[in-house]
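Q: I'd like to ask some things about the structure below.
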2 protein chains.
Amino acid sequence: MSKKVSTQPYKGARDFYPEDKRIQQWMFSKWKQVIEQFGYEEYDAPILEPTDLYLMKGSEEIVQEQTYTFQDRGNRSVTIRTEMTPTVSRMIAGKRQEIAYPARWYSIPNLWRYERMQRGRLREFWQLNVDVFGIESLQAEVEMIQIIDGIFQAFKAKRSSYVIKVNSRKLVNSLLTDVCGLDKTQAIQAIRVIDRKNKMSLSEFAEAVNKIVLDEDKTQKLITALTATTIEQLSDQLSNHESMADLKRLLQQTQSLGIDNVEFDLSLMRGFDYYTDIVFEVFDTDPDNNRSMFGGGRYDGLVAQFGVDPVPTVGFGMGDVTFMNFLESHKLLPQIRRKTEVIIILREETSMGKVQSIAKKMRAENVNVAVDYSAKKVDKQFKSAIKQGVQFAVFVGPEEISSEQYILKDLMSGKEVKHGLERTISILKDRRLKK
Amino acid sequence: MSKKVSTQPYKGARDFYPEDKRIQQWMFSKWKQVIEQFGYEEYDAPILEPTDLYLMKGSEEIVQEQTYTFQDRGNRSVTIRTEMTPTVSRMIAGKRQEIAYPARWYSIPNLWRYERMQRGRLREFWQLNVDVFGIESLQAEVEMIQIIDGIFQAFKAKRSSYVIKVNSRKLVNSLLTDVCGLDKTQAIQAIRVIDRKNKMSLSEFAEAVNKIVLDEDKTQKLITALTATTIEQLSDQLSNHESMADLKRLLQQTQSLGIDNVEFDLSLMRGFDYYTDIVFEVFDTDPDNNRSMFGGGRYDGLVAQFGVDPVPTVGFGMGDVTFMNFLESHKLLPQIRRKTEVIIILREETSMGKVQSIAKKMRAENVNVAVDYSAKKVDKQFKSAIKQGVQFAVFVGPEEISSEQYILKDLMSGKEVKHGLERTISILKDRRLKK
């Protein structure tokens, strides 16, 4: 009975009031539509996972600092999921033999990370996860880029407003070990520095690289390669690498599909350790929101970590908050109307039996109709209907019931018409078809 | 890299492989369709809530025994949501003044309870929550029963397969205090015993009641009232009670809407303390699955606990597992096909550019198409397509590309036709319209 309990949601997480949920659902349903056109099927899994699942990838640091991890009442350590990749790998491994390949799976899970709040980062967020299992060839990567582009196109984004950068982990490894002669430990450290390259000035970056490499000549080679803007600027050892051939084919094929905003960037790393070959990342080109939005790549080794045969895998994960920021920045968010199409406003002394029968007939024709049973005066009901954002109102009282003629008022334009029930229903239905 | 990490989900929670998710989505979308026809809008909230939110209702016992409660990294006590009612009350209270009433809200959250596993009970489950705020009159209860019935009807359930029992908390209070003369403590204890009535024999029940009442005459009065099967069997004091008039009107109105399986049951209690007046509960009548499925009622006091003006509220919550058990018991689960309509099977040496252009044309017409890029032999691709459960396959190779004629094979019936691409697409689209 304490009045101290707050009406606010938990810090870093969002309440979705109907007007917020409507936007989220609109965004999700567009995502789903595009992905299903490519033959992907939805899956899901529990929000709680055994903590071991995350430790497996060697992400002890993230588990210890950024997760919601606790002991359950049976003393098992559990973690609220922070990403979907370990889970989907677990699920594929669990039915490794039964699944028909290529398997195309997607999910839109909510994920939790305990982190400091900043723009585009919340503690609870949703993330579209798209993965294809069982394709060894580059066609999997081509398809992922097609899907990503298809999603942006579905929201009417211009290709000049986003860029899809691609790279190859194998090529980077070759640069670090073959070209620059780094050992394994140095290479891992270098990857971490390169991953933060855009957050530093060029001289800071050179200094950070040199601290690892401890050799001016090697540092220079690395910097030259990493700042190359065309493939031609690279050394023969790199430009003749087999992964470079893959990247060129990827660029060609996506180009011929009309996707002209795919770029090669040798400095693109992607944070996660599990990527094995091609990686990609999508950037907003808006100067006010110029940032990495999301990415993905090939991770052929994860499923096998559960002790089954490996499965070639390519996938990406895209957060709801960053994508929504993109839509807002580029003014791609339309006004989304509520699904309730009409509200019945009752005059005093209206027969409930008759009102229910009118509403029932409308619903039988799939019209979404709310009845205002608040027993308030007509003008108050009218104001509430406008506040609720419903487009049409129908007035029902003793007179309408006896004449069987009803006023249908468009609350947006103020226009009204008077018809029998059948005609009223068909006006509402016709309007929907036109949408 | 340990092989000990299990591929199983956390105990008591479910993985939803695509074939499972498809059924869940089919069920949810039918729920949504019915509810939206009544003008309800979807909302959502974080899965983590401050633990105080659940303590507020005086449910310390549940919080201490059945919740996932832990300290976050900022030392705040948080609980994974166990039910949606406290959350939705918090949200309404948070925008008490801005919201237009009647407000009709629904949500399908996943909820977590740490409990022993048994049929129909899991640790993670989904629950449809439907609530209407701002209607004082009985029309809110009539609408809830209409919605519940509408949901069952949407799944083609016979009204003989479920029964909706109704009662009034006010009437029960009158029985306990006015008719039987119990004091407040006795009344609360009696409600708990009555709530478990169906789990005892009549003599066990009588004994349990007598232990509280300590008076043979009062016990007898209580038992007589609680086992009455018609309103006429009740004493005048009860049958003339104003809540009885409400119940009669509720039965009449639902009957006139064609809902003939609503029954009065004075022994119906509903567990939660927050109900203030009419309560209802839905039972499966199947002898093999004869059990309470879900329920709801009026709880006019909860929103006001946040220190704002009270809001009249009626709502119910329906779990996915119990509802699915009902559908299974009554054989109401259809075969649900996957959304991917066609798979393109590639012959050796097929031009990728051409395949992508064919798939792109199909997708532009909203056909869901997967391409088998696995590079396996045609018969292996064919077997995989059948295993994936896709209905149609299109074969593409150099010959098809040069003749521009494609075989469209129905993998279920084995029938095949050969046409140009346009005609193939229109066959696939026509088929969908017929569904």
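The values are calculated or read from the model by the stated rules, or taken from the named source; none is laboratory data. These numbers were taken from a predicted model, which means no experiment stands behind them. Cβ sites come from the backbone with ideal geometry, for glycine too, and all protein chains shown count toward neighbours.
Q: Would you confirm whether or not the range B:357-366 contains a residue that is more than 14 Å from chain A (Cβ to nearest Cβ) and of a type in the set (D, E, K, R)?
A: There is no residue in the range B:357-366 that is more than 14 Å from chain A (Cβ to nearest Cβ) and of a type in the set (D, E, K, R).
Q: Only one of (1) within 26 Å of A:ASP72 (Cα to Cα); (2) buried (at least 19 other Cβ atoms within 10 Å of the Cβ); (3) touching a residue at least 24 places away in the same chain (Cβ under 8 Å) is not met by A:PRO9, so which one is it?
A: (3)
Residues are listed down the side, and each one gets a yes or a no for (1) closer than 16 Å to A:TYR54 by Cβ; (2) part of a loop (DSSP other than H, G, I, E, B); (3) among the hydroxyl-bearing types (Ser, Thr, Tyr); (4) in contact (Cβ under 8 Å) with a residue 12 or more places away in the chain:
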{"residue": "A:TYR101", "(1), (2), (3), (4)": "no, yes, yes, yes"}
{"residue": "A:TYR106", "(1), (2), (3), (4)": "no, no, yes, yes"}
{"residue": "A:TYR114", "(1), (2), (3), (4)": "yes, yes, yes, yes"}
{"residue": "A:PHE125", "(1), (2), (3), (4)": "no, no, no, yes"}
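Q: Right, B:SER107: over 30 Å from A:VAL390 (Cβ atoms) and touching a helix residue (DSSP H, G or I) at 6+ places or on another chain (Cβ under 9 Å) or not?
A: No.
Q: Since B:ARG104 meets every condition but one in (1) under 18 Å from A:VAL5 (Cβ atoms); (2) under 20 Å from the mean Cα position of the chain (by Cα), which condition does it not meet?
A: Status for B:ARG104: all satisfied but (1).
Q: What are the residues in the range A:211-245 that are of a type in the set (Lys, Arg) and either within 12 Å of A:ASP265 (Cα to Cα) or without any contact (Cβ under 8 Å) to a residue 24 or more places away in the chain (or both), if any?
A: Of everything in the range A:211-245, just one residue is of a type in the set (Lys, Arg) and either within 12 Å of A:ASP265 (Cα to Cα) or without any contact (Cβ under 8 Å) to a residue 24 or more places away in the chain (or both), namely A:LYS211.
Q: On to the next question. For residues in the range B:309-345 being in contact (Cβ under 8 Å) with a residue 12 or more places away in the chain and of a type in the set (Lys, Arg), which is farthest from B:ILE401 (Cα to Cα)?
A: B:ARG337
Q: Out of the range B:272-291, which residues are touching a residue at least 40 places away in the same chain (Cβ under 8 Å) and more than 26 Å from B:ALA245 (Cβ to Cβ)?
A: Those that are touching a residue at least 40 places away in the same chain (Cβ under 8 Å) and more than 26 Å from B:ALA245 (Cβ to Cβ): B:ASP284, B:THR285, B:ASP286, B:ASP288, B:ASN289, B:ARG291.
Q: Further question on the same structure: Just give me the residues in the range B:367-404 being over 18 Å from A:ALA140 (Cβ atoms), within 8 Å of chain A (Cβ to nearest Cβ) and assigned to a strand (DSSP E or B), in sequence order.
A: Of everything in the range B:367-404, nothing turns out to be over 18 Å from A:ALA140 (Cβ atoms), within 8 Å of chain A (Cβ to nearest Cβ) and assigned to a strand (DSSP E or B).
Q: Restricting the search to the range B:33-55, which residues are under 17 Å from A:GLN25 (Cα atoms) and at the interface with chain A (Cβ under 9 Å from one of its Cβ atoms)?
A: B:GLN33, B:GLU36, B:GLY39, B:TYR40, B:GLU41, B:GLU42, B:TYR43, B:ASP44, B:ALA45, B:PRO46
Q: Does A:ARG14 satisfy being within 17 Å of A:LEU122 (Cα to Cα), within 8 Å of chain B (Cβ to nearest Cβ) and modelled with pLDDT of 95 or more?
A: yes
Q: Let me ask another. Give the residue that is surrounded by the most Cβ atoms within 10 Å (Cβ to Cβ), with candidates limited to residues of the range A:339-356 that are farther than 25 Å from A:ASP20 by Cα and at the interface with chain B (Cβ under 8 Å from one of its Cβ atoms).
A: Initial filter on the range A:339-356 (farther than 25 Å from A:ASP20 by Cα): A:345-356.
Imposing the further condition that a residue be at the interface with chain B (Cβ under 8 Å from one of its Cβ atoms) reduces the set to A:352-353, A:356.
Working: A:MET352: 17, A:GLY353: 12, A:GLN356: 20.
Taking the candidates together, the pick is A:GLN356.
Q: Please find, within the range A:348-366, the residue that is nearest to the chain's Cα centre (by Cα) out of those that are within 18 Å of A:ARG432 (Cβ to Cβ) and not in a loop (DSSP other than H, G, I, E, B). Break it down into steps so the answer makes sense when it comes.
A: The first filter runs over the range A:348-366 and keeps only residues within 18 Å of A:ARG432 (Cβ to Cβ), leaving A:359, A:361-366.
Checking the rest, the ones that are also not in a loop (DSSP other than H, G, I, E, B) come to A:359, A:361-364.
Numbers: A:ALA359: 38, A:LYS361: 39, A:MET362: 36, A:ARG363: 34, A:ALA364: 35 Å.
By that ranking, first place goes to A:ARG363.
Q: Suppose we filter the range B:349-369 for residues that are out of contact with any helix residue (DSSP H, G or I) (no Cβ under 8 Å at 6 or more places or on another chain) and not basic (Lys, Arg); how many remain?
A: Of the residues in that region, 4 qualify.
Q: For A:VAL311, only one of the following conditions fails: (1) more than 8 Å from chain B (Cβ to nearest Cβ); (2) β-branched (Val, Ile, Thr); (3) surrounded by 18 or more Cβ atoms within 10 Å (Cβ to Cβ); (4) touching a Leu at 6+ places or on another chain (Cβ under 7 Å). What is its number?
A: Single failed check for A:VAL311: (4).
Q: Report yes if A:THR177 is within 30 Å of A:ILE148 (Cβ to Cβ) and of a type in the set (Ser, Thr, Tyr), otherwise no.
A: no
Q: Among A:GLY315, A:GLY271, A:GLY307, which is the only one that is at pLDDT below 90 and among the small types (Gly, Ala, Ser)?
A: Residue meeting the stated conditions: A:GLY271.
Q: Also, I was wondering about something else. Which pairs do you get when a residue that is free of Cβ contacts under 8 Å to residues at least 60 places away in the same chain, found in the range B:402-426, comes within reach of a residue that is among the basic types (Lys, Arg) and in a loop (DSSP other than H, G, I, E, B), reach meaning Cβ atoms under 8 angstrom, with the pair 6+ apart or on two chains?
A: These pairs meet every condition: B:LYS409/B:LYS415.
Q: Can you say whether B:LEU251 is modelled with pLDDT of 85 or more, part of a helix (DSSP H, G or I) and in contact with a Phe, Trp or Tyr (Cβ under 8 Å, 6 or more places away or on another chain), as far as the supplied structure shows?
A: Yes, satisfied.
Q: I would also like to ask the following. For residues in the range A:30-54 being outside any helix (DSSP H, G or I) and of a type in the set (Asp, Glu), which is surrounded by the most Cβ atoms within 10 Å (Cβ to Cβ)?
A: Checking each candidate, the answer is A:GLU41.
Q: Within the group A:SER413, A:SER426, A:SER374, A:SER402, which residue is of a type in the set (Gly, Ala, Ser), surrounded by 15 or more Cβ atoms within 10 Å (Cβ to Cβ) and more than 34 Å from the chain's Cα centre (by Cα)?
A: A:SER374
Q: For the range B:83-133, name all the residues that are more than 8 Å from chain A (Cβ to nearest Cβ), more than 30 Å from B:LYS11 (Cβ to Cβ) and either charged (D, E, K, R) or surrounded by fewer than 18 Cβ atoms within 10 Å (Cβ to Cβ) (or both).
A: Hits for the range B:83-133 are B:ARG96, B:GLN97, B:GLU98, B:ASP131.
Q: I want to confirm something. Restricting to the range B:199-226 and keeping residues that are closer than 17 Å to B:ASP178 by Cα and assigned to a loop (DSSP other than H, G, I, E, B), which single residue is farthest from the other protein chains (Cβ to nearest Cβ)?
A: Here the residue is B:ASP215.
Q: Would a scan of the range A:87-99 turn up a residue that is assigned to a helix (DSSP H, G or I), touching a residue at least 40 places away in the same chain (Cβ under 8 Å) and hydroxyl-bearing (Ser, Thr, Tyr)?
A: As a first pass, look at the range A:87-99 and keep what is assigned to a helix (DSSP H, G or I): A:87-94.
Keeping just the survivors that are touching a residue at least 40 places away in the same chain (Cβ under 8 Å) gives A:87-94.
Checking the rest, the ones that are also hydroxyl-bearing (Ser, Thr, Tyr) come to A:87, A:89.
The answer is yes, given that some residue of the range A:87-99 is assigned to a helix (DSSP H, G or I), touching a residue at least 40 places away in the same chain (Cβ under 8 Å) and hydroxyl-bearing (Ser, Thr, Tyr).
Q: All but one of (1) at pLDDT below 85; (2) assigned to a helix (DSSP H, G or I) hold for A:THR229, so report the exception by its number.
A: Single failed check for A:THR229: (2).
Q: Let me ask something else. Hey, could you check the range B:240-256 for residues that are surrounded by 20 or more Cβ atoms within 10 Å (Cβ to Cβ) and within 22 Å of B:GLY150 (Cα to Cα) and say which is farthest from the other protein chains (Cβ to nearest Cβ)?
A: For the range B:240-256, the residue satisfying everything is B:LEU247.
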